[in-house]
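Worksheet: the structure to be examined is printed underneath.
The values are calculated or read from the model by the stated rules, or taken from the named source; none is laboratory data. These figures come from a predicted structure and were not determined experimentally. Positions of Cβ are generated from backbone atoms using ideal geometry, with glycine treated the same way; all protein chains shown enter the neighbour counts. Surface areas here come from the heavy atoms of the whole protein model, side chains and all, with no ligands, DNA or RNA. Shrake-Rupley method; radii C 1.70, N 1.55, O 1.52, S 1.80 Å.
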Amino acid sequence: MSITTFSDLGISESICTAIQEMGFEAPTKIQEAAIPAILKGGDVAGQAQTGTGKTAAFSIPLLERVDTGLNQTQGLVLCPTRELAVQSTGEILKLGSHCKGIHVTPVYGGQPIGRQISQLKRGSHIVVGTPGRLIDHLKRGTLNLESLRMVVLDEVDEMLNMGFRDDIEQILGFAGEGNTRQTVMFSATLSAAIKKLMKRWFDNPELIQVESQVSGASGIEQYLVEVRDSMRTEGICRILDLNQYKRSLVFCNTKRTCDSLVDDMQSRGYASGVLHGDMNQNMRDKVMAEFRNGRIDLLIATDVAARGLDVENVDVVFNYDIPHDPEYYVHRIGRTGRAGRDGTAYTFSAGRKNKNIRFIEKQLKMNLKSIPLPSVKEVKSSLREAFQEDVSKTLETGGLRPFIEQVEAIASDRFSPIEVAAALLKMREESRPEEKEEESGSVPKQKRSARKQRSKPTKKDPFYTPFVKKGKGRSRKRR
């Protein structure tokens, strides 16, 4: 049976509703394989990289097993770092947003333990934490695992590399042995140390390994642009303006991101359309027809909606979000560079997300070329060159007599026709919104509407410019 939606996995309606609200359309390969296996109730060991959707792969079955009528800890998730613990907690809460009465508590070092103790005393169905702080609570007796139904070891290889082996074994000892609890593990690798851990604490585990049989797309220039998330939309604008691409595809991981991005791009003056699973066939056909005939030159889509998408002359593909799977990456960038033509693909990444890029590179046996975000100066120069080319083409085409007469009527002894033309160019430039590198960096296109407020830049951002107080208001310090 082919699985195309989350409902095909036998998930409850409440969780399916939450998944739909989060904007996800179809399970990734690891989710498709692991969720049914975990729902069976046996021990499971999954080999999966960060960024493949493994958090949902264990969170969904974990939520299905929780009895909210029992106000005790029934699920325990071990994470190597507090950042991952916070991230996993957020994902579980989103997936369980329609599960009435569900309580999830993160516990990790660096946070006052008293606050965590208060939350645990009030009752928490699922506890997500780092090994050290979990052991602290177990020894204090503030965390009781008598009603534990499932324990999840996330990124086991990372925890072992960080020296948490003894801590993991100690926690599993508190959790008890036998058929009373289900043990689930996810790791990028299955080293000898991990296999030894499995032999000691797992009961005949089902091994889930999703092998990727893909190869990188040839004939496509592939670039990595490292920018913070709030600069990704800006990045698309600058790259489009700099290179004067005619037909572009942007891929996002969720429907919600697609809808938000198309609004943003349209407000900036780009003829944009969106394609995702919430649209009926008539709407999809209309958008695709507009994209093919050039009424839309920027199409924003999810992976599911873009399956089978066949459009000639796509100049560039943007990965606004990093795909969950290397095969998705190849599918996305393969929309450009078709029929022997040149193609270009840009992927936006930053910080922890670079780990996902390294995984894709390793699987595809290639390296993306890292490039900086184009500067405002570069974009301005490119736009001026393009305008000069347009003027040259218009001069070559001819049919200028009515306009020459208008210029001659304006010209007099005081001004030459060249000065009149220069004045017209100046008026054209000044009719645009003021261009400021420190505010947004993107050169506004003609007739673009006002831009949306951006998030405040930080000192780490390459485009950061400090604020200085000036009276009651604020002005930007000139470089």
> Which residue, of ALA339, ALA350, is farther than 16 Å from ILE30 by Cβ, within 14 Å of the chain's Cα centre (by Cα) and at pLDDT below 90?
Replying inline: ALA350
> How many of the residues making up the stretch 276-299 are at pLDDT below 90 and in contact with a helix residue (DSSP H, G or I) (Cβ under 8 Å, 6 or more places away or on another chain)?
Replying inline: 4
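One line per residue, one yes/no per condition, for (1) in contact with a strand residue (DSSP E or B) (Cβ under 8 Å, 6 or more places away or on another chain); (2) open to solvent by 70 Å² or more (accessible area, probe 1.4 Å); (3) under 30 Å from ILE38 (Cβ atoms); (4) polar (S, T, N, Q):
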| residue | (1), (2), (3), (4) |
| --- | --- |
| GLU206 | yes, yes, yes, no |
| GLN222 | yes, no, no, yes |
| VAL227 | yes, no, no, no |
| SER230 | no, no, no, yes |
| CYS252 | yes, no, yes, no |
| ASP264 | no, no, no, no |
| MET279 | no, no, no, no |
| ALA289 | no, no, no, no |
> Among the residues of the stretch 241-275, which ones are aliphatic (A, V, I, L, M), touching a residue at least 60 places away in the same chain (Cβ under 8 Å) and touching a Leu at 6+ places or on another chain (Cβ under 8 Å)?
Replying inline: LEU249, VAL250
> Under 9 Å by Cβ, and 6 or more places apart or on different chains, what pairs join a residue from the stretch 413-440 that is at pLDDT below 65 with one that is in a helix (DSSP H, G or I)?
Replying inline: GLU435/VAL376; GLU435/LYS380; LYS436/VAL376; GLU437/VAL376; GLU437/LYS377; SER440/GLU234; SER440/CYS237; SER440/VAL376
>> Name the single residue that is nearest to LEU240 (Cα to Cα) among those in the stretch 321-333 being open to solvent by less than 20 Å² (accessible area, probe 1.4 Å) and of a type outside the set (D, E, K, R).
In response: ILE333
